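Taking it in order: structure first as structure tokens, then the write-up.
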Amino acid sequence: MNYSLTSLKAKVLPIVLASLILGSILGMGLNGYLNVQAKERIVKPELRFELLSLPWFPQSDKAAEIIAKQLEKVGIKLEIRRVESSIMYPKVENFEHEAHILATSQSPNPMGMIETFHSSRARPGIGSFWCHEDPEVDRLIESIRSETDPRRLKEMLYALQEKLAKEAGFIPIYLTMSTQVLRAEWKNYTVMPGGPIEAYNIWSLLYMYKSEKPEENVFRIAFPSDIMTTNPFMAYDLRSLWVINLIYDPLLRLDKDLQVVPWLAESWEVSDDGLTYTFHLRRDVKWHDGTPFTADDVVFTFGEGMRQETTRFIGLKDIIESVEKVDEYTVRFKLKTPYPFFLLELATGYYYIVPKHIAEGVDLRKWENPEPIGTGPFKWVERVIGEYIVLVRNEDFWIKGVPKITKVIVKVIPEAESRFLAIKNGEVDTERYDTAVTLLPRAKEDPNLRVITAPGLWLIYVAFNTYNHFYDPKVFLAIHYAINRTEVVEKANAGYGYPVYTILNRYWHGEYAAPITFEYNPEKAKQLLEEAGWKDIDGDGIREYVGPTTTTPTPTETVPVVTSPTPLTPGTVTVTQITTATRTETITIPVATGGVPVELAGVLAAIIVILLIAMLVVMRRR
């Protein structure tokens, strides 16, 4: 069959145009799918940082002064600004600061620290105090979550620690040794890592007593500042969690040897594939208002906690596929992938079960929860903000005969010396955190006091705001070498502590802690800073950015810092490339995974057009 040019145009042109439109849509759609933008990093013109510090926590506050002097020797200036918790925590959580020094609590579950370095935690307002955005780190973390082979798991944990030690803006300094001063009349307490009254340690508050007369067993504890919240979904400070821990119960807890034991869940089974956990709940548990505790409360707590992305539960979204009620006292968790630490996660993650009949329909991120109702050993009585909190024994607690303590009184006493004198004079029985090491000699001389030591709960660290202020891995690596951790421990905490170099440590994590150390070497620190292009050009002792030395790539060849959301999908990634001391130059490059370059989008569209035309011609000839 013959066609004239005119008739061919008339019949083919609409299809060609349609094909072109289709190809364009496909191209735009593919390019849209591939478009992954990374946040630009802000580069400082000089290595000067305001360092926020809590004045009431001497283990970190004194360390700040020593570290500042050490870093000054290599051209890095830390200007210490002391602020109270009410200022510090919101600023740090919302990344409205330059750097901070704090203590983060330790857990036997290594994932507690590891998950904080996933890119999904790199946003303000969710309780993250530091962040790291790196697709490779994310993939390592995601692999660790599901690795069940012990050898491979250890290898991946080592690789992750090594990468973060070299690149992250999180600088571990030392682990404290717990030094708890307690009135000598108290007996039957339990010592665990972290001390006799840590939040993980429910046993002391259940079983210790000082008298056979119940009315005399009033336990008074001094806090350096008030709690931040009574909301179990959003609490992140260990003062709040200490109080919440006495009011609410988790599904599982740890025994004194850090092994998982039943709690609200009295037993469980795990499927052969490691994806399904079935928990059988206790039937003799009631909420403080008398309402029976059931599976509905567990399903609500985990379901809404994750759905509303609350501070305590948001990390579980990557682990848990679903939580469902089997019957009134049975709950089934289905995981996305096998998770080797799931039971340990439930026992250490502060996942407290809340009453559905009270919290349903509430914005859990904003829930004030002024009169908490839980299932725990103590009931809420009253609080005067900034002064005290009162709890009383839950007479209907499901473990019969405990707690021995009839009342808990939390008193806010900001000054360390005043807290110690209150213990010495019998006004309080102990304090929430370790007693200052400078006061220990006086405590040891007093027969009415006991000094109880144990592996410390607190990892002292310095973290830089890499979210929106500064990111230069070579500077962070130089800082590792510029800090004499042994000197910091001796001068800041009288030797009560252990130098730590990476996010895990052998005191809490055993064989999972990588054997990484950074010898104190200020000359090496200076060399790294020089190579990265940081030099003191005006003689004020603080290094400015002038560009890399000849031993590193030239400014036009500078290896860019690339950050991207994960999982890394095909797309365009914004790359920040430093070229001057005061200017940040940004370029955009195409990135793809799975062997599909961005440029193929246009090629695929063209191929579709050609194939459609060819099909039309063949059909017409038939």
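Scanning the stretch 178-197 for residues that are part of a loop (DSSP other than H, G, I, E, B) and either touching a Phe, Trp or Tyr at 6+ places or on another chain (Cβ under 8 Å) or more than 21 Å from TYR496 (Cα to Cα) (or both) gives ALA184, GLU185, TRP186, ASN188, TYR189, THR190, PRO193, GLY194, PRO196, ILE197. Taking the condition of being over 30 Å from TYR200 (Cβ atoms) and either within 24 Å of the chain's Cα centre (by Cα) or not basic (Lys, Arg) (or both), how many residues in the stretch 506-541 meet it? Result for the stretch 506-541: 20. Listed here are the helices (runs of 4 or more DSSP H) enclosed by the stretch 330-424 that have at least 1 residues being touching a strand residue (DSSP E or B) at 6+ places or on another chain (Cβ under 6 Å) and over 27 Å from ARG283 (Cβ atoms): 416-424.
Cβ separations smaller than 7 Å between residues 6+ apart or across chains give the following pairs from the stretch 320-338 residues that are assigned by TED's automatic domain parsing to the domain that holds ARG307 and of a type in the set (Asp, Glu) to residues that are surrounded by 14 or more Cβ atoms within 10 Å (Cβ to Cβ) and not in a strand (DSSP E or B): GLU321/LYS336; GLU324/VAL299; ASP327/ALA295; GLU328/THR294; GLU328/ALA295. Starting from residues that are of a type in the set (Val, Ile, Thr) and within 19 Å of the chain's Cα centre (by Cα), keep the ones in the stretch 455-505 and report whichever is nearest to PRO196 (Cα to Cα). Filtering first and then ranking leaves ILE460. Tell me, please, whether a residue that is within 23 Å of VAL260 (Cβ to Cβ) and surrounded by fewer than 21 Cβ atoms within 10 Å (Cβ to Cβ) can be found in the stretch 109-118. Yes, the stretch 109-118 contains at least one residue that is within 23 Å of VAL260 (Cβ to Cβ) and surrounded by fewer than 21 Cβ atoms within 10 Å (Cβ to Cβ). Of all the residues in the stretch 103-141, those that are in a helix (DSSP H, G or I), over 15 Å from the mean Cα position of the chain (by Cα) and acidic (Asp, Glu) number 1.
Restricting attention to the stretch 288-332 and to residues that are among the β-branched types (Val, Ile, Thr) and over 23 Å from GLY376 (Cα atoms), the residue that is nearest to the chain's Cα centre (by Cα) turns out to be ILE314.
Of note, LEU175 does not satisfy the criterion of being part of a helix (DSSP H, G or I) and touching a residue at least 12 places away in the same chain (Cβ under 8 Å).
Please determine whether any residue of the stretch 177-187 is among the polar types (S, T, N, Q) and within 19 Å of the chain's Cα centre (by Cα). No; the residues of the stretch 177-187 include none that is among the polar types (S, T, N, Q) and within 19 Å of the chain's Cα centre (by Cα).
Applying the criterion of at least 2 residues that are small (Gly, Ala, Ser) and in contact (Cβ under 8 Å) with a residue 12 or more places away in the chain to the strands (runs of 3 or more DSSP E) found wholly in the stretch 216-306 leaves 265-270.
The values are calculated or read from the model by the stated rules, or taken from the named source; none is laboratory data. Everything numeric here is computed off the predicted structure, so don't read it as measured data. Positions of Cβ are backbone-derived with ideal geometry, glycine not excepted, and every protein chain shown enters the neighbour counts.
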